[in-house]
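Below is one structure, written out as structure tokens, with a few remarks after it.
The values are calculated or read from the model by the stated rules, or taken from the named source; none is laboratory data. Please read these numbers as outputs of a predicted model, since none were measured by experiment. Glycine also receives a Cβ, built like all others from the backbone with ideal geometry; neighbour counts cover every protein chain displayed.
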Amino acid sequence: MAELYKFEHVGKRFSGPENLEIFKDINLSVEEGESLAIVGTSGSGKSTLLHLMGALDTPSSGKIFFDGRDMSEMRPDEKARFRNRTLGFVFQFHHLLPEFSALENVAMPALIGGACRADVLPDARTMLERVGLAHRVESKVSTDR
Ligand SMILES: Nc1ncnc2c1ncn2[C@@H]1O[C@H](COP(=O)(O)OP(=O)(O)OP(=O)(O)O)[C@@H](O)[C@H]1O
Ligand SMILES: [Mg+2]
């Protein structure tokens, strides 16, 4: 199987008065088709690790490769494309856009990626139906029902 992610001696610290070292020397390999759970107590660094994998943050030391590519060498526009086209994120906090409906929020990454509404809205609707939210497609985030 192809190796998707490879971590080599990855460390992360947050500079500042406390200079927090969140983790160090992580060596990890994730293969195509593999399911992986990252488990740990609150504050242990799970989200920090996922932010590195999602090109939302950069390691303080070591290297992360995605599909053989050193992520530190990605230009900002390549990172934006990677996040839009290659990666799917379900965030711990919902980050929904209040001025858009549930349907538009689901379709938003595809719309930002340049797809046209007529192509993506039916798929977004199907996804909401699959999770039992067919009756809420037109709801805005601030709507109670
Ligand atoms: N931008 C930041 N600046 C400074 N410290 C941070 C920053 N982001 C996270 N931290 C700290 O890094 C540590 C790890 O945080 P992280 O959010 O990765 O934990 P977590 O395992 O995802 O926790 P939870 O289970 O509560 O989601 C915590 O001590 C947190 O306060
Ligand atoms: Mg977290």
| field | Odd one out for Phe89 among (1) surrounded by 12 or more Cβ atoms within 10 Å (Cβ to Cβ); (2) at pLDDT below 95; (3) in a helix (DSSP H, G or I) | value | (3)
| field | Criterion violated by Gly132 - all others in (1) at pLDDT 95 or above; (2) touching a strand residue (DSSP E or B) at 6+ places or on another chain (Cβ under 6 Å) satisfied | value | (2)
